[in-house]
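Note sheet for the following structure.
What follows is calculated from the coordinates using simple rules that are stated; it is not laboratory data. Since the model is a prediction, treat every value here as computed from it, not as a measurement. Here Cβ is always computed from backbone atoms with ideal geometry, including for glycine, and neighbour counts include all displayed protein chains.
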Amino acid sequence: MSETPKIGDVDQRARLRAPLLVLKVRLEDGGKVFFGYARNISRSGMFIATTNPREPGSQFQVELTLPPTGQRLQCSCEVVWKREFSLKSAYEPGMGLKFLDLPPAAAIALDDWIKVQVGNPEMD
C-alpha cells in the first residue's frame, strides 16, 4: 500500500482546493467505467472516495461535470497514492489522482468553480 500524504503536507500545496465536496466523477479504464465521488479537488488533482482504490501508477480517463453550469471537464489522470479500507482508520478509503493533461481552459474553469465553493471568488 502506498503512503497517504501526512497532515503537514497539506500546507505545502500550491493550489486552492475545495475540500469535502461531493462531485460525481466518471473514470474510464479501457472497457471498464467507474462512477465515484470527488471529496477534495484542485486544478492539479483530486481525492476519490472508494473502497476499491486502484494501484499507484494506474492511469485512466476522468470526466467530471461542474454544477450548476454543467460544464464537463475531461483529461487523463494517474493514481499517486491510495488508502485501503480499515476499521481502525479515521480516514475514508480512496485514492489520490493527479491530472496529467487538463486543458488550460478547463483548469481555469475548475479554479473559478473552486473559488466559489470555498466562498472567496477574489482569491488567486
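What ³J(HN,Hα) values, in whole Hz, does the Karplus curve 6.51 cos²θ - 1.76 cosθ + 1.60 give for region 90-98 when θ = phi - 60°, with x put for Gly and Pro?
Listing the rounded values in order: 7, 10, 6, x, x, 8, x, 10, 10 Hz.
Considering only DSSP states other than H, G, I, E and B, which chymotrypsin sites (Phe, Trp or Tyr not before Pro) in region 71-101 qualify as loop sites with at most 13 other Cβ atoms within 10 Å?
In loop regions of region 71-101 (DSSP not H, G, I, E or B), the sparsely surrounded chymotrypsin sites (Phe, Trp or Tyr not before Pro) are 85, 91.
Mind listing the long-range amide H neighbours of residue 50? Cut-off is under 5 Å, sequence gap 5 or more, other chains count too, H placed in the peptide plane at 1.01 Å from N.
94, 95
Expressed in nm to one decimal, what extension gain is obtained for the pair residue 86 and residue 100 from 0.36 nm per residue of sequence separation less their Cα-Cα distance? The partial results should precede the final answer.
Numbers: separation 14, 0.36 × 14 = 5.04 nm, distance 2.93 nm.
Length difference between fully extended and current span is 2.1 nm.
Got a sec? Charge dipole of region 29-79, +1 on Cβ for Lys and Arg, -1 for Asp and Glu; which of 48, 60, 76 is way out at the positive end?
Result: 48.
How much net charge surrounds residue 74 when only the other residues with a Cβ under 11 Å from the Cβ of residue 74 are counted, with Lys and Arg +1 and Asp and Glu -1?
Spelling it out: positives minus negatives among the neighbours equals -1.
Extending each Cα 7 Å along its Cβ direction at residue 24 and residue 72, get the distance between those two points in nm, one decimal.
1.2 nm
Excluding residue 35 itself, calculate the net charge of residues whose Cβ lies under 15 Å from the Cβ of residue 35, where each Lys or Arg counts +1 and each Asp or Glu counts -1.
Values: positive: 24, 26, 32, 39, 54, 72; negative: 28, 29, 63.
Around residue 35, the charge tally is +3.
Taking the Cα centre of region 18-117 as origin and charging only Cβ (+1 Lys, Arg; -1 Asp, Glu), how large is the dipole, in debye to the nearest 20?
Numbers: 12 positive and 10 negative charges, 47 e Å.
For this selection, approximately 220 debye.
Please state, as a whole number in µm²/s, the translational diffusion coefficient that the Stokes-Einstein equation yields for region 18-117 at 4 °C and 1.567 mPa s, with Rh defined as the Kirkwood radius across alpha carbon pairs.
So the translational diffusion coefficient is about 95 µm²/s.
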